[in-house]
């Protein structure tokens, strides 16, 4: 069942569960857009009594294994406004993550150039000027460090300044700080091992805070929700 944080005639803000696609894919798996359409009573009725499918505009995306807060537009006008905010850097997206190890600095920023391999769905850090590469920027701050399942880990907050493919995962892994549970970019055996047995760990990355201007009123809106499952729950115990 969808966890709706806010809704009106222009937008709907909801929590995307980890494991659910942000929008429909060719694999015909469940996705957030379909869930939201179902939530809006599947079909709406226009003034002439005819039924039509509700409009749900995709503004930004979260990778399938990442949970967190998302905003969708309910009108084309709202979609245009929100998309413009994304392009102009006025939509602020903050994440919480548990990384393996501890950053050297308590506060910092990463600036890299990433190149995506479409065939393997894999991105990597490359030299500036590499053909096809795109600049990737983020800021982070260390919230705490400790042990989880016998490993040194750190809880970090990340302010994503650009939205590149697998950006957070690639940039932290390239500095020897793979995200807990990231089998694609981290050391799966090290990142996911528990004493005495092997455990598959969900990716410890969650979009916990989202800020943007309401597309109609212009009011600055802020939504927060802390993750309370998986490694996040165990780390807080």
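Nothing in this text is a laboratory measurement; each read-out follows from the coordinates by a stated rule. All of these numbers come straight from a predicted model, not from anything done at the bench. Ideal geometry is used to build each Cβ from the backbone, glycine not excepted, and the neighbour counts take in all protein chains shown.
Rounded to the nearest 10 degrees, the inclination of helix 76-87 to the longest alpha-carbon principal axis of the chain is 30 degrees.
Between residue 216 and residue 118, the contour length at 0.36 nm per residue exceeds the Cα-Cα span by 31.6 nm.
Over the C-alpha trace of the stretch 1-129, radius of gyration and Dmax come out as 18.1, 63 angstrom.
Extent of the chain along its three principal axes (Cα atoms, max minus min coordinate, largest first): 63, 44, 37 Å. With a simple spin-label model that places each label point 7 Å from the Cα along the Cα-to-Cβ direction, the separation between residue 149 and residue 24 comes to 3.7 nm.
Taking 7 Å steps out from each Cα toward its Cβ at residue 9 and residue 80 produces label points 1.8 nm apart.
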